[in-house]
Amino acid sequence: MDSVNKARETQLANIQSKTGKNLDQFRVIIAESGLSKHGEIRQMLMDKFSLGYGDATQLVHFAQNSDGQSAAEAAGFSMEEILTEIYSDAKKGLKPIHEKLIAEINKFGTYTATPKKGYISYRQKRQFAMIGPGTKGRLEIGLNIKNLESSERLLLQTNNLMCQYKVFITNVDEIDTELVNWLHLAYQASV
């Protein structure tokens, strides 16, 4: 069993422990709710069972046998609509930067893009990058790769997070060979 499936099983077991409900019971609860949109179902689970955002989101995926991308698409949202939502209001100027990064990642080969709360996770067998708006009007790029030499630009994360490094950029011109190479190394290591 790969680490992603093991993590999902652990999360589902924790949700069942917190709520006293198994996955089949949640499927019935969701069906009987009459709700069809991912966000509405998530909110109902949060309200009814005092689940956090992440647990409720994953529970919807578990119950509907979906990943984030297909769940968003099943709810009628395209990736363009998801990006528009993530990059709304003051974050709007960061969307073209994200789109340029996607164009570069598309050159690497196949991958899955999964919307999360406030960012998109990019993965093959495991996550290789996460991209979303950061603080201070910057785009945050998380890289899941080990043994790179950190620098003023490539920031080593020491909190045992999903991504070992972060890069912050504020404009499309900062998407250079160095950044694309880091993304490509992370992509290659995610198989």
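Computed from the coordinates by the stated procedures, all read-outs in this text should not be read as laboratory data. This structure is a prediction, so every number in the text was calculated from the model and none was measured. No Cβ is skipped: glycine too gets one built from the backbone with ideal geometry, and neighbour counts run over all protein chains shown.
Structural remarks
- Counted residues, the stretch 175-187 - those being in contact (Cβ under 8 Å) with a residue 24 or more places away in the chain and not in a loop (DSSP other than H, G, I, E, B): 9
- Restricting attention to the stretch 9-29, the residues that are under 25 Å from Arg126 (Cα atoms) and either among the hydroxyl-bearing types (Ser, Thr, Tyr) or surrounded by fewer than 15 Cβ atoms within 10 Å (Cβ to Cβ) (or both) add up to 5.
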